[in-house]
Amino acid sequence: MQQHPRQVRRMAKALALAVLLGSGANAMAQAWPAKNITIVVPFATGGTTDAIARTLGQELSKSLGQPVIVENKPGAGATIGADYVAKAKPDGYTLLVGAVHHTIATSVYKKLPYDFQRDLAPVSTVAMVPNVLVVNPNVPAKNVKELVALAKKTPGKLTFGSNGNGTGQHLIGAQFNIASGTDIVHVPYKGSGPLTIDLLGGQIDMSFDTVTPVLSHIRAGKLRALAVTTIKRSAALPDVPTLDESGLKGFDQGTWFGVLAPVATPKEVVTRLNTEVVNIVNSAEFKKRMEEIGAVPVGNSAAQMASQIKTDTERYAKLVKDAKVTVQ
């Protein structure tokens, strides 16, 4: 059937517009980056997320030829920073250093203003970091067995700090209570910086934080490491046993950190970012820096990171339910 000339013209205009929009998106992607890039850290300064973001930012600035600014937006178990990036302009200039905490928060916070899987596009997992149970030296426990005995003798008296409600440290502490039959009270913070200050000062008794912010204090004797929470020992703390070795069989929790962008960011930009991040993560300089802070470099594909997020979100939903983790 022959089409009306007006319909033909309309279709031609629509096709031309589509081509124009497509070429505009491609042009933008090819021109990227043309200005400063901001990496949002959803915690206060002084923690593992901050250390990884700043190291990555320095290297990205070199490889991309543009300044990379790290901006801290702490609060609400890392969800404030994630929400900010999820709602940012999807042009590749605002990125998030997300972590396993965000897959946990999905189940802990019932009314999040964003969807971690739907609203953010994975770029690459940067590193994995073991968590470690550390106590203030004033706590009279030299190992996990002694700590459990002390906690059972004084239920509700000992405290553990975390990076906030719904973070990995919070969930590990809740799991520890269940596995050991103890009642150690949770105290949430806005990041490892303020948490570590209070731990050193004795305002709280212990934490299950990542190795990075406490490593130097452990080596200086200012904090006592009792066990790492992963199934394997940490290369940074080879003499510290695992919780599994210490009697809590099957305990295996660590923390991953990775880069994400707003979901509508052009595919070409996400691909370029992945290439740059993976190259940096595989560099000798970056690996050396990660070793210094107790982190294990990863550098995977965007699809692999997306699969990891999906799996962790489902796994932690069950753990959150079993541990009865709630936001107070």
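A few remarks follow.
- Test for ALA12: is it open to solvent by 40 Å² or more (accessible area, probe 1.4 Å) and at pLDDT 65 or above: no
- Count - residues of the stretch 183-199 that are of a type outside the set (Lys, Arg) and not in a helix (DSSP H, G or I): 8
- The residues listed here are VAL123, VAL139; of these, the one that is surrounded by 15 or more Cβ atoms within 10 Å (Cβ to Cβ), touching a residue at least 60 places away in the same chain (Cβ under 8 Å), among the aliphatic types (A, V, I, L, M) and closer than 25 Å to ASP312 by Cα is VAL123.
- Here THR229, THR212, THR196 are screened, and the one residue that is open to solvent by less than 20 Å² (accessible area, probe 1.4 Å), more than 20 Å from LYS157 (Cα to Cα) and not aromatic (Phe, Trp, Tyr) is THR229.
- Filtered by the rule that a residue be out of contact with any helix residue (DSSP H, G or I) (no Cβ under 8 Å at 6 or more places or on another chain), β-branched (Val, Ile, Thr) and surrounded by fewer than 19 Cβ atoms within 10 Å (Cβ to Cβ), the stretch 56-96 gives a lone residue, ILE80.
- Filter result for HIS170 (within 20 Å of SER107 (Cβ to Cβ), in contact with a His (Cβ under 7 Å, 6 or more places away or on another chain) and either open to solvent by 20 Å² or more (accessible area, probe 1.4 Å) or among the aromatic types (Phe, Trp, Tyr) (or both)): no
- The combined condition, being of a type in the set (A, V, I, L, M, F, W, C), modelled with pLDDT of 95 or more and open to solvent by 30 Å² or more (accessible area, probe 1.4 Å), is fulfilled by LEU150.
- The set of residues from the stretch 220-235 being in a strand (DSSP E or B) and under 17 Å from ALA295 (Cβ atoms) comprises ALA225, VAL228.
- Listed by position, the helices (runs of 4 or more DSSP H) enclosed by the stretch 236-328 that each have at least 1 residues that are free of Cβ contacts under 8 Å to residues at least 40 places away in the same chain and under 19 Å from the mean Cα position of the chain (by Cα) are 284-292, 302-323.
- The criterion of at least 2 residues that are under 23 Å from ASP183 (Cα atoms) is met by the following strands (runs of 3 or more DSSP E) wholly inside the stretch 97-164: 132-135, 159-162.
- Filter result (crowded, with 21+ Cβ neighbours inside 10 Å and out of contact with any strand residue (DSSP E or B) (no Cβ under 8 Å at 6 or more places or on another chain)) within the stretch 155-166: GLY166
- Of the set (1) open to solvent by less than 40 Å² (accessible area, probe 1.4 Å); (2) touching a Gly at 6+ places or on another chain (Cβ under 9 Å); (3) modelled with pLDDT of 95 or more, all apply to ALA44 but (3).
- Some residue of the stretch 293-306 being open to solvent by less than 50 Å² (accessible area, probe 1.4 Å), of a type in the set (Val, Ile, Thr) and touching an Asp or Glu at 6+ places or on another chain (Cβ under 7 Å): no
The values are calculated or read from the model by the stated rules, or taken from the named source; none is laboratory data. These figures come from a predicted structure and were not determined experimentally. Glycine also receives a Cβ, built like all others from the backbone with ideal geometry; neighbour counts cover every protein chain displayed. Side chains are part of the model used for accessible areas, which takes the heavy atoms of the whole protein and leaves out ligands, DNA and RNA. Shrake-Rupley method; radii C 1.70, N 1.55, O 1.52, S 1.80 Å.
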